[in-house]
Amino acid sequence: MAAVPTAPPPAAADDEIVYESMPCIRIYANRVERYFGSEFVAASTDSATGVASRDRTISPQVSARLYLPRLDADAPAAKLPVLVYYHGGGFCLGSAFNPTFHAYFNNFAALANVLVVSVEYRLAPEHPVPAAYADSWEALAWVVSHAAAAGAGDEPWIADHADFSRLYLGGESAGANIAHHMAMRVGAEGLAHGAKIHGLVMIHPYFLGSNKVGSDDLDPTARESLGSLWRVMCPATTGEDDPLINPFVDGAPGLEALACGRVLVCIGEGDVLRDRGRLYYDRLRASGWSGEAEIWQVPGKGHTFHLLEPFCDEAVAQDKVISKFLNC
């Protein structure tokens, strides 16, 4: 289980606090203090699962941690599904290199037998949204550069083991928001070398809107904080009906253009964002999009519970649902 963060007391009274979500982050007018999610753990080979990880620098702004499951001795050149993953954290917290995500992917890569590319993008408010989208696109383009021909690209794990007919995007919370926008951009611009996105995994997606939904009432304080957070992360936003945070609003790109054939939406019964995720599923199916969508709701659990309780029965069940989706 992830350690519960402990935050220091507020700083001097003359420091203006722009936003805070304690005990994780406090944003002042002139600086940011993060108390959770920025810890670093080195890449390694996990003794329990045999999953190997290593880090790659993609550009001065973007990097990634790769996870390769233990390969069968009889098939050392096996081709695997590829999951390009964007971590959550409200666009301002988290890292592909922190212990929570590292432990999660050591276990998940072994369960699903997939090659994971966990993307490190720049965080707001130092780098306001849409910087995270630009970085995430750069990472996806780097992964796809390995599809040019056999052995193409500068990362042997991808060149040797990526099955580009099974290329997936995924993320939780703000990372699911990013994954959605990447799939929409693929629909508008395409990918190099004829690569296509086979599927999209949306775990507890971070979407908002001025319209009220039932799950808003699960925790009105948390719901209000999520709205305030978005306005700080994206200072140029028009508000909660900005298409970046509300893909259902009039004027947002049509969901029928989502560039993948399959979508899995995971939601938590106790998550204040639950019904936004359900709305995504419903609107996608009604949009004229030609793919197949699935939705899976875990009973009783809240937002991104699986990262805080990775071995609880519900987290194990959710991981199995995602694993099955990635291997169909």
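Laid out as a table, the results:
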| item | result |
| --- | --- |
| Subset tally (residues that are open to solvent by less than 10 Å² (accessible area, probe 1.4 Å) and either part of a helix (DSSP H, G or I) or at pLDDT below 95 (or both)) for region 230-273 | 2 |
| Answer residue from region 75-97, given it is among the aromatic types (Phe, Trp, Tyr) and assigned to a loop (DSSP other than H, G, I, E, B) and is surrounded by the most Cβ atoms within 10 Å (Cβ to Cβ) among those | 91 |
| Residue satisfying all of: in region 40-64; assigned to a loop (DSSP other than H, G, I, E, B) and hydroxyl-bearing (Ser, Thr, Tyr); nearest to residue 133 (Cα to Cα) among these | 59 |
| In region 124-181, residue surrounded by the most Cβ atoms within 10 Å (Cβ to Cβ) [restricted to those that are over 24 Å from residue 256 (Cβ atoms) and charged (D, E, K, R)] | 172 |
| Qualifying residue in region 279-294 (condition: in a loop (DSSP other than H, G, I, E, B), crowded, with 21+ Cβ neighbours inside 10 Å and touching a Gly at 6+ places or on another chain (Cβ under 6 Å)) | no |
| Any hit, region 175-193, residues being in contact with a strand residue (DSSP E or B) (Cβ under 8 Å, 6 or more places away or on another chain), at pLDDT 95 or above and either more than 21 Å from residue 83 (Cα to Cα) or assigned to a strand (DSSP E or B) (or both) | no |
| Close pairs (6 angstrom Cβ cut-off, 6 or more residues apart or separate chains): within 14 Å of residue 185 (Cβ to Cβ) in region 246-257, assigned to a loop (DSSP other than H, G, I, E, B) and among the small types (Gly, Ala, Ser) anywhere | 255/287 |
| Residues of region 22-39 satisfying the condition of being buried (at least 18 other Cβ atoms within 10 Å of the Cβ) and either outside any loop (DSSP other than H, G, I, E, B) or touching an Asp or Glu at 6+ places or on another chain (Cβ under 9 Å) (or both) | 25, 26, 27, 34 |
| Residues being surrounded by fewer than 16 Cβ atoms within 10 Å (Cβ to Cβ) and either β-branched (Val, Ile, Thr) or touching a Cys at 6+ places or on another chain (Cβ under 7 Å) (or both) - total across region 297-320 | 1 |
| In region 57-74, residue least open to solvent (accessible area, probe 1.4 Å) [restricted to those that are charged (D, E, K, R) and more than 28 Å from residue 308 (Cβ to Cβ)] | 72 |
| Among the residues listed as 199, 187, 227, the single one being crowded, with 17+ Cβ neighbours inside 10 Å, closer than 24 Å to residue 281 by Cβ, of a type outside the set (Phe, Trp, Tyr) and out of contact with any Phe, Trp or Tyr (no Cβ under 6 Å at 6 or more places or on another chain) | 187 |
| Index of the failed condition, residue 115 passing every other in (1) in contact with a Phe, Trp or Tyr (Cβ under 9 Å, 6 or more places away or on another chain); (2) of a type in the set (A, V, I, L, M); (3) more than 30 Å from residue 317 (Cβ to Cβ) | (3) |
| One residue from 204, 180, 193 being on the phi > 0 side of the Ramachandran plot and within 13 Å of the chain's Cα centre (by Cα) | 204 |
| Residues within region 105-123 that are within 28 Å of residue 79 (Cα to Cα) and open to solvent by 20 Å² or more (accessible area, probe 1.4 Å), tallied | 5 |
| Those residues of region 145-174 which are more than 18 Å from the chain's Cα centre (by Cα), hydrophobic (A, V, I, L, M, F, W, C) and in a helix (DSSP H, G or I), in sequence order | 147, 157, 158, 159 |
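The values are calculated or read from the model by the stated rules, or taken from the named source; none is laboratory data. Quick caveat, the model's predicted, so the values are computed rather than measured. Cβ: placed from backbone, ideal geometry, glycine included. Neighbour counts: every protein chain shown. The protein model used for the area step is the full one, side chains on, heavy atoms only, and it has no ligands, DNA or RNA in it. Shrake-Rupley method; radii C 1.70, N 1.55, O 1.52, S 1.80 Å.
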